[in-house]
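Novice: Take a look at this one; I'll ask things after.
The values are calculated or read from the model by the stated rules, or taken from the named source; none is laboratory data. Since we're looking at a predicted model, the values are computed, not measured. Please note: Cβ atoms are built from the backbone with ideal geometry, for glycine as well, and neighbour counts cover all protein chains shown.
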Amino acid sequence: MSGPTVAVIGAGISGLTMSKMLADYGLEFATFESSDRVGGNWAFGNPNGHSSAYRSLHIDTSKHQLSFKDFPMPEEYPDFPHHTQVKEYLDSYADAFDIRRRIEFENGVLHARRLGADEGGGWELETQRTGTRRFDVLVVANGHHWDPRFADKPGEYTGLTMHSHAYIDPRTPYDLTGKRILIIGLGNSAADIAVELSSKTLDNEVVISTRSSAWIVPKYFAGKPADKYYRTSPHIPFAWQRKFVQVMQPMTAGRPEDYGLPTPNHKFFEAHPTQSVELPLRLGSGDLRAKGDIERWDGRTVHFADGTCEDFDVVIHATGYNITFPFFDEDLVSAPENHIRLYKRIFKPGLEDLAFVGFAQSTPTLFPFVECQTRLVAAWLAGRYEPPTEAEMERVIDEDQQKYTAHMVQRPRHTQQLDFFLYEHDIRVKEIPAGMARAARAGVAR
């Protein structure tokens, strides 16, 4: 099958899935990876620095929600696999579909320049070790959990500062035993690290600081992984479904303030919930304390918004990530405060030879979301799908933002939030058929 030449940036979850789909369609492509291995975020100790996995990490989504449709996770895996098992799964995926030979390892894209019509169009890529390369279309799959975002507070902290991205990283070994430790944030990584460091065997004093607090959800419900019961319906208004779970949440997991967290400044599902079995237990046992927001730094002293202050040896920022595209000129593509306007989280209006894959905080997980996206992108590259006009794209972007994020706390963490089940239904039932019809009309017109 003939078609455009395609460059894919990244060989993590998104890049691997995109590469497999392009191979399925018989398209000509090359996948550029700055590391010497696949897996991206799930390759612990990744030489390119893009992994945020820590030694004890288990994924917070059960294998039942995590698996690709055409490549289930092994039955013998536990409900919540260790990061080494997720990496093993991605390696198996790459080998099962013979993707590895299409990946150019240690050959990342340093710069991507969009060529004008007078230059023949397409993209000119400057690569790490193979010089300048040209392609018709560029697919960006470089991930968004690798550029750490730190809490910005007045003053200066003079103790040891790190981001959760570097926590127990083999390249930056720190002995955190017997320390007074402050963890900033209350997402899944913050909860995991707080639980681990508050173990009495480490003789630490651990405090967790949260600006907004969070609703804690259990990993198991009625003896089964709780996310097995999670599925939103496209046939019932999303607002009604949120109201229902807001009523049910305190009955299943209690209110955060019952075990020592500040009262959340939002309702359940107005921010990403935190999944943890042990965090309430550690708080309730006194092994871990919670504080509100930080007001300022003063040497090793941290002043909190409630007027109290404490000294700490270590501050760990579990404060999320920036969406960054180091290979693009900023005036071409950027994501200030993690905002990037993408049609169906894929196409940037006005750049008809560029697509993005994996740029979402998808509930319950990213894996099937990416698989859904790559089907549409591959159909587009094969000429079977056509996006709408630029004006229609802009209109739908606004509409989708209202649908997926208007009810969320307006912070950089939630700019890319969406619900997979609603998104997948929209893509499968509405968008792909509509795009196929547009492609058919365009073919007739040409």
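Novice: Among all residue pairs at least 6 apart or on different chains, which show Cβ distances below 8 Å where the first residue, located in the range 289-307, is not assigned by TED's automatic domain parsing to the domain that holds residue 279 and the second is modelled with pLDDT under 95 and surrounded by fewer than 17 Cβ atoms within 10 Å (Cβ to Cβ)?
Specialist: Listed pairs, sorted by first residue: none to list.
Novice: Could you list, in sequence order, the residues of the range 10-31 that are surrounded by 24 or more Cβ atoms within 10 Å (Cβ to Cβ) and either without any contact (Cβ under 8 Å) to a residue 40 or more places away in the chain or not assigned by TED's automatic domain parsing to the domain that holds residue 367 (or both)?
Specialist: Residues satisfying the conditions do not exist here.
Novice: Among the candidates 51, 56, 35, single out the residue that is in the same structural domain as residue 139 (by TED's automatic domain parsing), assigned to a loop (DSSP other than H, G, I, E, B), of a type in the set (S, T, N, Q) and closer than 21 Å to residue 220 by Cα.
Specialist: 56
Novice: Under the condition of being among the hydrophobic types (A, V, I, L, M, F, W, C) and either farther than 27 Å from residue 285 by Cα or at pLDDT 95 or above (or both), which residue from the range 163-185 is surrounded by the fewest Cβ atoms within 10 Å (Cβ to Cβ)?
Specialist: The residue in question is 166.
Novice: Moving on. Mind listing whichever residues of the range 253-264 are within 30 Å of residue 238 (Cβ to Cβ) and either free of Cβ contacts under 8 Å to residues at least 40 places away in the same chain or in a helix (DSSP H, G or I) (or both)?
Specialist: Those that are within 30 Å of residue 238 (Cβ to Cβ) and either free of Cβ contacts under 8 Å to residues at least 40 places away in the same chain or in a helix (DSSP H, G or I) (or both): 253, 254, 255, 256, 257, 258, 259.
Novice: Do you know which residues across the range 187-207 are in contact with a Gly (Cβ under 8 Å, 6 or more places away or on another chain) and not in a loop (DSSP other than H, G, I, E, B)?
Specialist: Quick first cut of the range 187-207, residues in contact with a Gly (Cβ under 8 Å, 6 or more places away or on another chain) only: 187, 202-204.
Answer for the range 187-207, where residues must be in contact with a Gly (Cβ under 8 Å, 6 or more places away or on another chain) and not in a loop (DSSP other than H, G, I, E, B): just 202.
Novice: May I pose another question? Among what's in the range 265-293 and is assigned to a loop (DSSP other than H, G, I, E, B), under 27 Å from the mean Cα position of the chain (by Cα) and among the acidic types (Asp, Glu), pick the residue that is modelled with the highest pLDDT.
Specialist: Step one: list which residues in the range 265-293 are assigned to a loop (DSSP other than H, G, I, E, B), which gives 265-273, 276-277, 286-287, 292-293.
Subsequent filtering for residues that are under 27 Å from the mean Cα position of the chain (by Cα) retains 265-273, 276-277, 292-293.
Checking which are among the acidic types (Asp, Glu) leaves us with 270, 293.
Working: 270: 84, 293: 96.
So the residue we want is 293.
Novice: Under the condition of being in contact with a helix residue (DSSP H, G or I) (Cβ under 6 Å, 6 or more places away or on another chain) and among the aliphatic types (A, V, I, L, M), which residue from the range 23-42 is nearest to residue 324 (Cα to Cα)? Show your work before the answer.
Specialist: Taking the range 23-42 and keeping what is in contact with a helix residue (DSSP H, G or I) (Cβ under 6 Å, 6 or more places away or on another chain), we get 25, 27, 29, 31, 38-39, 42.
If we keep only those that are among the aliphatic types (A, V, I, L, M) as well, we get 27, 38.
On the way: 27: 28, 38: 20 Å.
It comes out as 38.
Novice: Restricting attention to the range 434-444, does a residue exist that is of a type outside the set (S, T, N, Q) and within 30 Å of residue 213 (Cβ to Cβ)?
Specialist: No.
Novice: A further question follows. Out of all the residues in the range 348-375, which are of a type in the set (A, V, I, L, M) and touching a strand residue (DSSP E or B) at 6+ places or on another chain (Cβ under 9 Å)?
Specialist: Across the range 348-375, the qualifying residues are 351, 354, 355, 357, 360, 370.
Novice: Go through the range 256-281 and give me each residue that's within 23 Å of residue 412 (Cα to Cα) and of a type in the set (Gly, Ala, Ser).
Specialist: Selection gives 271, 276.
Novice: Please give the number of the condition residue 176 fails out of (1) among the hydrophobic types (A, V, I, L, M, F, W, C); (2) assigned by TED's automatic domain parsing to the domain that holds residue 297; (3) touching a Ser or Thr at 6+ places or on another chain (Cβ under 8 Å).
Specialist: Against the list (1) among the hydrophobic types (A, V, I, L, M, F, W, C); (2) assigned by TED's automatic domain parsing to the domain that holds residue 297; (3) touching a Ser or Thr at 6+ places or on another chain (Cβ under 8 Å), residue 176 comes up short only on (3).
Novice: Only one of these is exposed (fewer than 14 other Cβ atoms within 10 Å of the Cβ), in the same structural domain as residue 367 (by TED's automatic domain parsing) and part of a loop (DSSP other than H, G, I, E, B): 129, 101. Name it.
Specialist: Only one candidate passes the filter, namely 129.
Novice: Same structure again: For the range 345-446, list the helices (runs of 4 or more DSSP H) that sit wholly inside it and hold at least 3 residues that are surrounded by fewer than 20 Cβ atoms within 10 Å (Cβ to Cβ) and charged (D, E, K, R); which are they?
Specialist: Numbers: elements: 367-381, 390-404, 420-425, 432-445.
Of the helices (runs of 4 or more DSSP H) lying wholly inside the range 345-446, those with at least 3 residues that are surrounded by fewer than 20 Cβ atoms within 10 Å (Cβ to Cβ) and charged (D, E, K, R) span 390-404.
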